[in-house]
Amino acid sequence: GPATAAIDPLSFPPGFLWGVATAAYQIEGATAEGGRTPSIWDTFSHTPGKVANGDTGDTACDHYHRYRTDVTLMSHLGIQAYRFSLSWSRIQPGGRGPANPAGLDFYGRLVDELLDAGIKPVATLYHWDLPQEREDAGGWTERATAERFGEYAALAAEALGDRVDVWTTLNEPWCSAFLGYGSGVHAPGRTDPALALRAAHHLNLAHGRATAALRSALPTAQVAVSLNLHQVRPLTSSPADLDAARRIDAVGNRIFTGPMLSGAYPADLLADTSHIVDWDTLVQPGDEAAINTPIDLLGINYYTPAVVSAPTPDAAAVNHAHGESDHSPWPGSESINFHLPPGETTDMGWAIDPTGLYDLLMAITHAHPGLPLAVTENGGAFPDVLTTADGQVHDHDRIAYLHKHLAAVHQAVNDGADVRGYFLWSFLDNFEWAYGYAKRFGAVHVDYDTQLRTPKRSARWYSRAIATNSVPAL
Ligand code: GBH
């Protein structure tokens with residue numbers, strides 16, 4: 001009502017950037033067009049038993065062919081920025097050698113369309129779709145992949161840098177390393193804690209190499225990385241639970257923020273995992289300095305907190321945080337217990353807890369004062385209620401989720417966190433990795449038979465947030 005509007009308690013600072021996010025393999029389809037070669041997600045999704053319902057990204061949202069109307073839809077919703085990812089194997093088939101003009105052309109056309117619509121492009125170089133040929137050569141477990149990634153970054157920067165001035169190197173390297181090579185629930189589906197730690201280091205190095213390549217090609221570009229930092233909470237304040245939280249924070253968060261932001265791997269992480277990997281041969285002289293190349297902004301992807309307690313012998317077997325795998329994604333901390341906090345969950349079974357986002361933004365602000373931040377992903381999967389009467393998708397639970405989390409971001413900004421923007425995950429319902437099309441994160445509904453897009457009620461609500469630069473009432 002008018003009283004609320006007059007007080008206007010939840011306004012964001014002027015210039016706060018409102019966006020939506022997607023990723024190449026989750027929306028593009030057209031996996032064999034324009035010279036694209038297979039990625040590890042093509043291989044994985046076509047391997048029986050790896051993805052729910054045998055779903056693949058072969059067609060996905062057919063965005064490769066529908067990008068123009070998708071941008072028009074973004075424009076109608078008032079979206080200010082679009083965070084998308086580039087498919088490495090479209091731009092550089094096989095992950096080495098010269099650029100593929102058709103692949104670059106697709107992203108060039110997408111970027112032109114965005115700029116015409118007044119939408120800021122935010123390009124992510126890597127959202128989990130490693131060229132299969134690179135995996136056949138060892139993938140992220142091999143140092144050479146980091147070097148190849150730097151070369152790919154240079155090609156992308158050269159072709160798109162005149163029109164894209166915000167870049168992120170990696171999306172959630174924790175998932176690439178520990179779900180890809182540890183628990184195996186993501187591509188390439190390997191399950192070896194030593195390989196997972198090697199992958200983590202090479203992803204860090206890849207971030208450093210790509211940042212250097214972007215800097216030298218594009219001196220004025222903004223360079224960022226998106227991390228799924230875990231908001232780790234001990235179940236109780238017992239010393240054993242506190243130590244469990246410290247260990248998960250080390251191998252979940254500081255394994256990336258340590259070298260990226262502070263120039264070194266944390267000593268406690270090295271001690272916790274020295275029986276698994278020989279860090280002295282893995283980390284070569286100069287690596288930590290290369291990974292520490294300054295960034296302009298840290299992207300934080302947040303969905304749910306992690307509540308942990310002391311290790312027990314049966315933990316690995318009952319741990320819900322391991323997903324559909326007998327293998328832990330937590331090298332050296334396999335027996336730590338993860339707990340689902342009481343209260344509401346999303347369709348993923350993840351606890352809905354906006355205080356986790358607030359605490360995360362404040363913790364990173366205290367640990368790295370002055371570091372500009374952005375929420376580069378936040379959102380929830382909810383089953384859609386599609387009413388035939390008015391053809392609308394009444395996703396009130398998603399609106400409630402967004403409302404609470406935006407209020408948490410607003411509170412963090414008020415309390416001193418330098419949060420520059422927020423990207424809703426996701427623009428469209430899409431291929432939700434191991435869950436296939438069964439889980440819907442979109443603000444826009446996708447009918448996978450017709451490819452019809454229908455903005456949900458949450459998309460309308462988000463439009464109002466953007467138009468008012470505030471958190472609207474429910
Ligand atoms: C992001 O991953 C991805 O960047 C995006 O592509 C994806 O579609 C989106 O989120 C939704 O999944 O296992 O119960 O302890 C997020 C991956 C989610 C992994 C939270 C760790 C912990 C929940 N992370 N998860 S639980």
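Each value in this text was obtained by applying a stated rule to the coordinates, not by laboratory testing. Keep in mind the model is a prediction, meaning the values are calculated, not measured. Cβ: placed from backbone, ideal geometry, glycine included. Neighbour counts: every protein chain shown.
Tabulated results
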| item | result |
| --- | --- |
| Shape category assigned to the range 390-455 from the gyration tensor of Cα positions, a/c cut at 1.5 | prolate |
| Bridge type composition, the chain - antiparallel percent by DSSP, nearest 5 | 20 |
| Long-range amide H partners of Ala306 with built H, under 5 Å | Gln231, Val232, Arg233 |
| Estimated inter-spin distance, Thr47 and Lys404, nm [label 7 Å along Cα→Cβ] | 3.6 |
| Potential lengthening between Glu147 and Arg464 on full extension [0.36 nm per residue; Cα-Cα distance subtracted] | 109.7 nm |
| Projected label distance in nm at Arg96 and Thr281, using a 7 Å step from Cα toward the beta-carbon | 2.3 |
| For the range 94-151 and the range 395-430, distance of Cα centres in Å | 28 |
| Whether the range 324-462 is rounded, prolate or oblate, judged on the alpha carbon gyration tensor where a/c under 1.5 counts as rounded | oblate |
| Listed residue (Ser45, Tyr265, Ile91) projecting farthest to the positive dipole end of the chain, Cβ model | Ile91 |
| Phi-based couplings in Hz for the range 100-113 (Karplus 6.51, -1.76, 1.60; Gly and Pro marked x) | 9, x, 5, x, 4, 4, 4, 5, x, 5, 4, 5, 4, 4 |
| Positive dipole terminus of the chain, leading residue within Leu298, Ala459, Thr169 (C-beta point charges) | Ala459 |
| Per-residue ³J(HN,Hα) for the range 88-99, Karplus 6.51 cos²θ - 1.76 cosθ + 1.60, θ = phi - 60°, Hz, x for Gly and Pro | 3, 7, 7, 7, 9, x, x, x, 7, x, x, 6 |
| Pair Thr220, Tyr448: separation of 7 Å Cα→Cβ label points (nm) | 4.4 |
| In range of the label at Thr345: residues from the range 429-460 whose backbone nitrogen is under 19 Å from the point 7 Å along Cα→Cβ | 432-441 |
| Those lysines that a straight Cα-Cα span of less than 25 Å connects to Lys404, excepting residues fewer than 8 apart in one chain | Lys439, Lys456 |
| Cα gyration tensor shape of the range 220-370, rounded if a/c is under 1.5, else prolate or oblate by comparing a/b with b/c | oblate |
| From phi via Karplus (6.51, -1.76, 1.60), per-residue ³J(HN,Hα) for the range 239-249 in Hz, x at Gly/Pro | x, 5, 6, 4, 5, 4, 5, 4, 5, 5, 4 |
| Radius of gyration and Dmax over the Cα atoms of the chain, both given in Å | 21.0, 65 |
| Value at 222 nm in deg cm²/dmol, rounded to 500, when DSSP H runs of n ≥ 4 in the chain each add -39,500 (n - 2.57) | -11000 deg cm²/dmol |
| For the range 208-361, share of DSSP beta bridges that run antiparallel, in % to the nearest 5 | 35 |
| The range 362-390 and the range 327-341: distance between their alpha carbon centers, rounded to Å | 24 |
